[in-house]
Amino acid sequence: MNLKKYFVRALHRLQKGPGYTYKELLVWYCDNTNTHGPKRIIKEGPKKKLIWFFLTLLFASLVFWQWGILINTYLSYNVTSSLSIGFKTMKFPAVTVCNANPFKYSEVKHLLKELDRLIEAALERILQPTPGNSSENISPPLDLELWHQIPLVLIDEHDKDNPVILDIFESNQGAAGNQSTVGNQTAADNETICSHQGSDNCTYRNFTSAAQAVTEWYILQSTSILSKVPLQERIRMGYQAEDMILACLYGAEPCNYKNFTQIYHPDHGNCYIFNWGMDEEALNSSNPGAEFGLKLILDISQQDYIPYLSSAAGARLMLHQQKSFPFLKDQGIYAMAGTETSIGVLVDELERMGYPYSDCTMNGSDVPVKNLYSQYNTSYSIQACLRSCFQNHMVEICGCGHYMFPLPEGVNYCNNEDNPGWAYCYSSLRSSIRHRQICIDSCKETCNDTQYKMTISMADWPSEASEDWIFHILSYERDMSTNVTLDRNGIIKLNIYFQEYNYRTISESAATTIVWLLSSLGGQFGFWMGGSVLCLIEFGEIIIDSLWITVINVIGWCKGLKQKRAQARYPDAPPTVSELVEAHTNLGFQHEDGGALPRDEALPPEPGTPPPNYDSLRVQPLDVLGPDSDAE
């Protein structure tokens, strides 16, 4: 009951309102507020009132303008970067080493035989483009099906107005209706890729050198051939760990090829990762310096390189975090054969702030792209996301996957037999800015990352004075042979170590916080108007009272409008209570003819007459509301 009474009183208080008019409320506020300016408006004379009103309005406008700038600055979520230097025992990075050549030529020669014959014939035509030197003179005849799918064309642009075009395996060449042959002064090479043979739906790639054009053409064609080879067969055709890793030493502890984890990399074949941290804990480095790092001796067997696929010789290596996939094509470095390469490492740790300060991700779970590299159980990286996004687009548009990237489930790699137009689709997709931008917008950087800065130095190894005995020992240890089976063109020595234990941490912090925002807002308010938080509460109070008065006035106006409408509908006033009683009394006094008697003419009853039975009287209701009341 007490609660009900409380709510009833509160309702009555709300209906009553604050008890002020707008003018009285404004005068009360100006007289009682702690903000400077409004008091002077109501207490000064007419001239000073105007001046103080203008100044108060001006400074209030400046306060709101400054507040808008401060709030916009806060909502932009800017960050500041700070650099700190620390010292601690650090985990040795994962080291991935690969051969620059993905397969042994002796193992894949039978697969690339026709392709090699075709490219050799094309090179002869490029070097000696005579009309009589055609594919018909070669025995056995060439299979030109691969060539017709992606032909190479020579363009002589010495005469800009009449460039001469030569299709290498066609006997008739020319441009603009002129039959001509191209001499040894070829200005450009052109690679033509069509959706299918004889189609006008083609894309063109221009090269300034035939060496570049031949290499790119060979890679594209070999991709189609090797994509049909099973994975285990490709691994067998690559360089094995026991043949490639001749010696290993980590600090003072010996190691061998069994301490490396093998993965297959489409660009470089078999790759081997030291200290990947997948099956066991990552190794710590006990001290900085070359004596406490990783030392390797590698044999790249350069004499077994594929001549048209790998134009660079050496080892490809990369330093990266544990449990991350190595993207050697983008982040790897080469180590040259016949040298000792020393790599000093410095560590940079990056710590980015997440949403809303930056669009980074902790583990890739909030990225809309399916990570195809998760099959390796590796951590998320933006390189993995970009390649997965491209492969997904490739599968969606071309109907097959590219050989250089992992495959989604239920999809096959592209090849010329099953997908004749895949090369055109791939080239169009790779050059599409729109699809590239979609992948860039979809993928995110990782919030925490570790980068390894390398200082590289090289020297000839072994020296002329020591190469004889070194090659003898290494040959014996590998082949148990007293003959020298190694040479300078295939041997690489690597030294990888921490230069120092100092590491740099580059971290982001919020440039504007909620504390900064509140202090800045209060500072501007206090500087321009001498106000505080209590002044804002007072201003909020007057706003609430103004709204209160407005609501009550609106309710009163609605009630008045309703009454006016009722009066317009029923113009006659309703009878009063006295009029109804008088009408009821007059029903009992009537003439014999049925007419009503006036009150002064009514006769008293004769003695002995019983009183009238009023219960038998039926009083008819009076039509006091007018003739239209039945309709209502």
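Descriptive notes on the structure:
- Relative contact order (%) - criterion: Cα under 8 Å, at least six apart; region: the range 361-446: 36 percent
- Modelled spin-label separation between residue 252 and residue 231, with each label point placed 7 Å from Cα along the Cα-to-Cβ direction: 4.2 nm.
- Whole-Hz Karplus values for the range 411-425 come out as 10, 10, 6, 6, 8, 5, 6, 7, 9, x, x, 5, 5, 5, 5 Hz, taken residue by residue from phi with 6.51 cos²θ - 1.76 cosθ + 1.60 and θ = phi - 60°; glycine and proline positions read x.
- Distant-in-sequence amide contacts of residue 445, defined by a placed amide H-H separation under 5 Å and a gap of 5 or more residues or a different chain, comprise 361.
- Average accessible surface for the range 361-446: 50 Å² per residue, computed with a 1.4 Å probe over protein heavy atoms with every protein chain in place.
- Hypothetical label at residue 290: residues of the range 336-356 whose amide nitrogen lies under 14 Å (7 Å Cα-Cβ projection): 339-345
- The candidates 311, 61, 381, arranged from most to least accessible area with a 1.4 Å probe in the full protein assembly, appear as 311, 61, 381.
- Counting 0.36 nm for each residue step from residue 533 to residue 547 and taking away their Cα separation leaves a gain of 2.9 nm.
- Approximate spin-label separation residue 278-residue 53, in nm, with each point projected 7 Å along Cα-to-Cβ: 8.1 nm
- Ligands, DNA and RNA aside, residue 485 has an accessible area near 60 Å² when probed at 1.4 Å.
- Efficiency of FRET from Cβ geometry, residue 311 and residue 370, R₀ 41 Å, rounded to 0.05: 0.75
- The range 340-374-the range 424-503 distance, computed between alpha-carbon centres (Å): 22 Å
- Between residue 145 and residue 565, the modelled labels are 8.8 nm apart [label points 7 Å from Cα along Cα→Cβ].
- Ranking by accessible area, most exposed first, for 113, 104, 562, 323 with a 1.4 Å probe: 562, 113, 323, 104
- Over 17 Å [Cα-Cα, the range 361-446], rounded percent: 46 percent
- Potential lengthening of the chain between residue 351 and residue 448 amounts to 34.4 nm, from the contour at 0.36 nm per residue minus the alpha-carbon distance.
- Length added when fully stretched, residue 161-residue 32, from 0.36 nm per residue minus Cα-Cα: 37.6 nm
The values are calculated or read from the model by the stated rules, or taken from the named source; none is laboratory data. Given the structure is predicted, the values throughout are model-derived calculations rather than measurements. Glycine also receives a Cβ, built like all others from the backbone with ideal geometry; neighbour counts cover every protein chain displayed. Calculation scope for accessible area: heavy atoms of the full protein, side chains included, ligands and nucleic acids excluded. Shrake-Rupley method; radii C 1.70, N 1.55, O 1.52, S 1.80 Å.
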